[in-house]
Amino acid sequence: MTFFQQLHHIDKDITLAVNSVHCQASDFMWQVFSNKEIWFILYAAVFVFLIKNLGWKRALISTAAIALTITCCDQLGNVCKDFFQRLRPCCDEDMLARGLRVLEKPWNAIEYGFYSAHAANAIGFAAGSIVAFSNDRKYSERKKGYRIYGIAIVIWGLLVGISRVFVGKHYLGDVCTGFAVGTAIALAIGLLANRLNAKIK
């Protein structure tokens, strides 16, 4: 067994252990966090606060940076899925035979899942918005509020990512990789956007 096969075997075991922790209420909660459409209201609210706190010019640049982050996370995710061709746990007969609970059915007969674009997008949005709000000229006055927001939005992003394990769509390794990719892309693009925003009077 190669190193990567051993790593995948460990990932399977951990994913099954996490996926097995459930009750009716938590099942519903994870399905809510896993549903992308539900969170459009959150995205709209953040956009409104960006305009309110940064002004429309800075808000537009920051929103474009966040949108670009999500696009990059999605497209890189598609490339990785096609390249690595690792089946989602809900499409893996071994995982199903070992008791994987599936709360969301796959869209197609066979799907690949490495890495989780859900996780990358959520944490990318969280990190990107935190970086965006740092452009607020009254940041020092609102520091406490931004700190609370930062903690809350990161927790939200983590819950969205981990929900993919509980619904059976991703291995924990897919999710953790998605977190790393989303954070890296958000910081890179967000910091570039901040340079543009710094030039706006």
Provide the three semi-axes, in whole Å and in decreasing order, of the ellipsoid equivalent to the chain as defined by the square roots of 5 times the Cα gyration tensor eigenvalues. 35, 18, 13
Once amide H atoms are placed 1.01 Å from N in the peptide plane, what residues at a sequence separation of 5 or more from E111, or on another chain, have their amide H within under 5 Å of its amide H? R88
FRET efficiency for F83 and F49 from the Cβ-Cβ distance with R0 = 25 Å, rounded to 0.05, comes out at 0.10
Between T2 and A188, take the C-beta separation as r, use R0 = 35 Å, and let me know the FRET efficiency to the nearest 0.05. 0.65
Rounded to a whole number, what % of the accessible area of region 103-150 do carbon and sulfur atoms account for, probe 1.4 Å? 57
Sticking to Cα atoms, compute the Rg of region 10-92 to one decimal and its Dmax as the biggest Cα-Cα distance, whole number, in Å. 18.0, 49
List the residues of region 47-80 whose backbone N lies under 20 Å from a point placed 7 Å from the Cα of K144 along the Cα-to-Cβ direction. 53
Nearest-ten-degree value, helix 40-54 long axis tilted from longest Cα axis of the chain: 20
Say each of L76 and S20 gets a label point 7 Å from the Cα, pointing the same way as Cα to Cβ; how far apart are those two points in nm? 3.4
Mind giving me the nanometre distance, one decimal, between the label points for Q31 and K199, set 7 Å out from Cα along Cα→Cβ? 5.0
Value at 222 nm in deg cm²/dmol, rounded to 500, when DSSP H runs of n ≥ 4 in the chain each add -39,500 (n - 2.57): -24500 deg cm²/dmol
Highest first, please rank the peptides 92-99, 166-173, 183-190 by the mean number of other Cβ atoms sitting within 10 Å of their residues. 166-173, 183-190, 92-99
Rounded to whole Å and ordered largest first, report the semi-axes of the equivalent ellipsoid of region 56-140 derived from its Cα gyration tensor (root of 5λ). 36, 14, 9
Scoring only Lys, Arg, Asp and Glu (+1, +1, -1, -1) among other residues with Cβ under 12 Å from the Cβ of Y146 yields +3
What is the sum of charges, Lys and Arg at +1 and Asp and Glu at -1, for the other residues whose Cβ falls under 12 Å from the Cβ of L7? 0
In the chain, how many lysine pairs have Cα atoms under 21 Å apart, counting only pairs 8 or more places apart or on different chains? 19
State in Å² the accessible area per residue of the chain; use a 1.4 Å probe, count heavy atoms of protein chains only, and round to the nearest integer. 55
Using only Cα atoms, locate the centre of region 1-25 and the centre of region 141-186, then give the distance between them in Å, rounded to an integer. 20
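The values are calculated or read from the model by the stated rules, or taken from the named source; none is laboratory data. The model shown is predicted, which means the values in this text are computed figures rather than measured ones. Cβ atoms come from the backbone with ideal geometry, glycine included; neighbour counts cover every protein chain shown. Ligands, DNA and RNA are excluded from the accessible area calculation, which covers all protein heavy atoms including side chains. Shrake-Rupley method; radii C 1.70, N 1.55, O 1.52, S 1.80 Å.
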